[in-house]
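Take a look at the structure set out below.
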Amino acid sequence: METPLLLPLWIALGAIPGALSRYYLTLLCVQKFGGEFPFGTFIINLSGTFLIGFLATLFLSIKAGLPLNGFVIVGFLGSYTTFSTYALDTSNLLKLGNYRRALLYGLGSPVMGFLGVELGIALAQRL
């Protein structure tokens, strides 16, 4: 029987690689694409929403336990995705007068994120 007492440990263990993945992917994107547009946050949000849709659906179908769900969904993806940073990045783009980029980023992230979740769900249901 699974014990929910260890669940915070599983979440914490998942959060470490999630946060580090977010950090290094952001650095890589700034290095590769520059800092004019927050590509790192954009890519992380899109991949994170796809993964959460896919894995939540998959875990439900295979009846994954609390430790795996806590480690991956809450821990890893919870620290990997960056919607708080998304809001700050949108605000910063607006403050800098980059209205087109702010509009693309501000509206593109939730729309594409929703599509990512739906695509992840559809793919997991087909497996």
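A short reminder: the numbers here are calculations on the coordinates, not readings from a lab. Quantities reported herein were computed from a predicted structural model and do not represent experimental measurements. Glycine also receives a Cβ, built like all others from the backbone with ideal geometry; neighbour counts cover every protein chain displayed.
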Problem set entry | Ellipticity estimate at 222 nm from DSSP helix runs (n ≥ 4, -39,500 (n - 2.57)) divided over the chain, nearest 500 | -26000 deg cm²/dmol
Seminar exercise, completed: On each of the three principal axes the extent of the alpha-carbon atoms of the chain, given in whole Å and largest first, is 56, 31, 23
Seminar exercise, completed: Rounded to one decimal in nm, the spacing of the 7 Å Cα→Cβ label points at Gln125 and Ile43 is 3.0
Exercise. Extension gain Leu88-Ala19, at 0.36 nm per residue separation less the Cα-Cα distance, in nm?
Worked result: 23.1 nm
For this session: Between Gly18, Gly78, Gly34, find the one with the highest GNM mean-square fluctuation for the chain; connect C-alpha pairs within less than 10 Å.
Result: Gly34
For this session: Take the alpha-carbon centre of region 103-122, take the same for region 32-52, and report the distance between them in whole Å.
Result: 11
Exercise. Among the helices of the chain (complete DSSP H runs), which have Cα atoms covering no less than 15 Å along the helix axis and a Kyte-Doolittle mean of at least 1.0?
Worked result: 7-33, 39-61
